[in-house]
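The values are calculated or read from the model by the stated rules, or taken from the named source; none is laboratory data. Every value quoted in this text rests on a predicted model; they were computed, and no experiment measured them. Quick reminder, even Gly has a Cβ in these numbers, built from the backbone with ideal geometry, and neighbours come from all protein chains shown.
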Amino acid sequence: MSRVEAGTLLLRLVLGITFFVHGLSKFQTGLGNVAGFFEGMGLPGFLAYIVAIIELVGGIALIIGLGTRIFSLLLALTMIGAIITVKGAAGFMGNGKSAGYELDLALLAISVFLALCGSGMYALDSLFKKKDAPES
């Protein structure tokens, strides 16, 4: 196990757990309530359902290392949306009333890393990898 493989595994697990918990929280809060929150920000309520599913399913997928590149890309897009629509106005560290986008930016960076580099070791993605395929 190389340091890069170990680091990739750590990032994948931390990102997966983080998004799984955020998605689960949206379901526990009630998607109708989350949709109302989205609508209160001027966003279509149906986006709450899409975001919750991407976070929950994407988190599980990252934990087990299945579809890592695809789910990481979807989660990166989700973070870009969150930064632009919700967190950006509060600034990097927040404005005293709401949190800033520093955590969202870190999650975005990890998501982009995994979308570019893949799942690493201990991932179900490796079951679908061609044996002759060069590493990229």
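Values computed for the structure shown
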| quantity | calculated |
| --- | --- |
| The stretch 1-20 residues that are under 13 Å from Cys117 (Cβ atoms), paired with ones that are among the polar types (S, T, N, Q) and part of a loop (DSSP other than H, G, I, E, B) (beta carbon under 8 Å, 6 or more apart) | Thr8/Ser119; Arg12/Ser119 |
| Unmet requirement for Lys87, which otherwise passes all of (1) surrounded by 14 or more Cβ atoms within 10 Å (Cβ to Cβ); (2) modelled with pLDDT under 95; (3) under 23 Å from Val4 (Cα atoms) | (3) |
| Scope the stretch 22-47; condition out of contact with any Lys or Arg (no Cβ under 7 Å at 6 or more places or on another chain), without any contact (Cβ under 8 Å) to a residue 40 or more places away in the chain, surrounded by 14 or more Cβ atoms within 10 Å (Cβ to Cβ) and not aromatic (Phe, Trp, Tyr); matching residues | His22, Gly23, Leu24, Lys26, Leu31, Ala35, Glu39, Gly45, Leu47 |
| Residues of the stretch 64-80 that turn out to be in a helix (DSSP H, G or I), of a type outside the set (A, V, I, L, M, F, W, C) and buried (at least 22 other Cβ atoms within 10 Å of the Cβ), as a count | 3 |
| Selected residue [touching a Gly at 6+ places or on another chain (Cβ under 8 Å), of a type in the set (S, T, N, Q), in a loop (DSSP other than H, G, I, E, B) and in contact (Cβ under 8 Å) with a residue 12 or more places away in the chain] from Ser126, Ser119 | Ser119 |
| In the stretch 100-136, residue farthest from Ala6 (Cα to Cα) [restricted to those that are of a type in the set (Gly, Ala, Ser) and modelled with pLDDT of 90 or more] | Gly100 |
| Single match in Ala99, Ala61, Ala35, Ala106 (criterion: over 14 Å from the mean Cα position of the chain (by Cα) and part of a helix (DSSP H, G or I)) | Ala35 |
| Condition broken by Gly118, with the remaining ones in (1) surrounded by 13 or more Cβ atoms within 10 Å (Cβ to Cβ); (2) on the phi < 0 side of the Ramachandran plot; (3) not hydroxyl-bearing (Ser, Thr, Tyr) satisfied | (2) |
| Residue pairs meeting the criteria (Cβ under 8 Å; at least 6 apart or on separate chains; first in contact (Cβ under 8 Å) with a residue 12 or more places away in the chain and farther than 18 Å from Ile63 by Cα, in the stretch 92-111; second in a loop (DSSP other than H, G, I, E, B) and of a type in the set (A, V, I, L, M)) | Gly100/Met93 |
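A quick yes/no check of all residues on (1) at pLDDT below 95; (2) within 17 Å of Met121 (Cβ to Cβ):
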site	(1), (2)
Glu5	yes, yes
Gly16	no, yes
Gly23	no, no
Phe27	no, no
Phe71	no, no
Leu75	no, no
Gly91	yes, no
